[in-house]
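Shown next, in structure tokens, is the structure this report addresses.
Just so it is clear, none of the values below were taken in a lab; they were calculated from the coordinates. Keep in mind that this is a model prediction, so the values were computed, not measured. Counting neighbours? That spans all protein chains shown, and the Cβs are built from the backbone with ideal geometry, glycine included.
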Amino acid sequence: MKDNQIYITYGKDAAAMATELMNAVDLASMIGSRTRSIALKPNLITSSTPDHGAVTHTEIVTAVIEYLQDHGFADIRIIESSWVGDSTRRAFAVNGYPNISEKYNVPLVDVKDDAYERRTAAGITMEISRQALETDFLINLPVLKGHCQTLMTCALKNMKGILSDRSKRLFHTLGLHKPIAALNSIRKPDFVLVDNINGDLDFEEGGTPVYTYRMLAGTDPVLMDSFCAEQIGFDISDIPYIGLAEKMGVGRSDLSKLETIELKDAICLPSKSTGRARRLERYTDAESACSACYANLINALARMDENGTLRNLEGRRVCIGQSFRGREGKIGVGNCTRSFDNTVKGCPPSANAIREMLENLT
Ligand code: SF4
């Protein structure tokens, strides 16, 4: 695949979606020689399970291992470090990684116990897992979700799990953005498979999963994060580490050059919103809405809630869903509401495009 491409699929079966994407991009050819070492870097920030919206679905990790072994790769390991104060071993155990390790003969590397190398970029010296640095091909398996400090976490920020705890603390002292960009300028992922099944609305620890049932694949972590930022309702400039990473040569953020390849259409499943997402549903009128479209609308409403523009919608509801095809109305989202007075095109449209349309309603 080309660096300016992002492959996208939708579905409920995370393993099947991951396999579909790896086949579509021909990941095996991308890696090359079967003797190369490969590291899988999931997001196991806490000892929670994927249904909370914080950690990578375990089926994705298993699907990647099976794909790699089916294609003749043998030197595979899983590397991760939970956030400071939590135990990676516990996160591994809660999500069944010891069984995966045994079944597939794939070592688990708790980065908290690894040897580190000190590296410096942009004037920041950090301790990075030696195994992460030495591996030939690093596959990043982030969750696309909100973050209480950086607003969003996805490909670039997930790399923080290859640091020592001491360096993670330093990153927070330095405000996260510049260090995250610097880290990726030293060790960026070679391939990114984004778990966008049900990432959290606004908090990296989960608790308010938003069911999108989507997965994305790409090679440029800057482009991936730029696209994903817009998908959950942010301008790229809202997430400073994206622009900083671009300036440090990690990748490109120009979405005008992006080519998206959708392997399947969005799927339509009943909403499972909870908490804050549930409260935002009172601004919606959904009938047969695809899950990704609806999730993007909920993300757009959340961003408006955060920036104070949600009051623009008081007393109004936003129509969304396939039942609105061919119907007229006031405010709608997506191609299904193309006949409405106010609408935003897309199938699905990004949360950022939805937010801009809703904020400019008169
Ligand atoms: S525009 Fe309609 S068909 Fe397209 S994703 Fe939204 S609800 Fe589904």
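Taking only the alpha-carbon positions of the chain and ignoring solvent, what does the Debye formula give for the base-10 log of I(q)/I(0) at q = 0.08, 0.12, 0.14 Å⁻¹? Debye intensities relative to I(0), on a log10 scale: -0.37, -0.83, -1.12. Between region 197-275 and region 326-340, the C-alpha centres lie 25 angstrom from each other. By the rule of a C-alpha distance below 21 Å, with chain neighbours fewer than 8 residues away ignored, the lysines paired with Lys160 are Lys41, Lys112, Lys145, Lys168, Lys178, Lys188, Lys247. Straight-line cross-link reach from Lys330 at under 19 Å between alpha-carbon atoms covers these lysines, not counting any fewer than eight positions away in the same chain: Lys345. Angle between the Cα long axis of helix 291-307 and the longest principal axis of the chain, 0 to 90 degrees, nearest 10? For 291-307 against the chain, the angle is about 90 degrees. Considering only Pro179, Pro348, Pro107, the Gaussian network model of the chain with Cα springs below 10 Å gives its largest mean-square fluctuation to Pro107.
Beyond 14 Å, what share of the Cα-Cα pairs of region 46-138 is found? Please give it as a whole percent. In whole percent, the share of Cα-Cα pairs in region 46-138 beyond 14 Å is 70.
Give the cross-link partners of Lys264 among the aspartates and glutamates, using a straight C-alpha distance below 18 Å as the criterion and excluding same-chain residues fewer than 8 apart. Excluding near neighbours in sequence, the set is Asp13, Glu20, Asp26, Asp195. Peptides 54-67, 15-28, ordered by how many other C-beta atoms sit within 10 Å of their residues on average, highest first, read 54-67, 15-28. One equal scatterer on each Cα of region 185-249, no solvent, Debye formula: the resulting log10 I(q)/I(0) at q = 0.13, 0.14 Å⁻¹ is -0.39, -0.46.
If you take all other residues with their beta carbon under 10 Å from the beta carbon of Val84, and give Lys and Arg +1 and Asp and Glu -1, the sum is +2. Using a Gaussian network model of the chain with C-alpha springs under 10 Å, which one of Cys268, Cys336, Cys148 is most mobile by mean-square fluctuation? Taking springs between Cα atoms under 10 Å, the residue moving most is Cys148.
Simple rule: put +1 on each Lys or Arg Cβ and -1 on each Asp or Glu Cβ in the chain, find the dipole, and look at Phe203, Thr9, Ser291; the Cα lying farthest toward the positive end is Phe203. Spacing of the modelled spin labels on Arg316 and Glu328, each 7 Å from Cα toward Cβ, amounts to 1.8 nm. Peptide packing: for 321-329, 254-262, the average count of neighbouring Cβ atoms within 10 Å per residue gives the ranking 321-329, 254-262, highest mean first.
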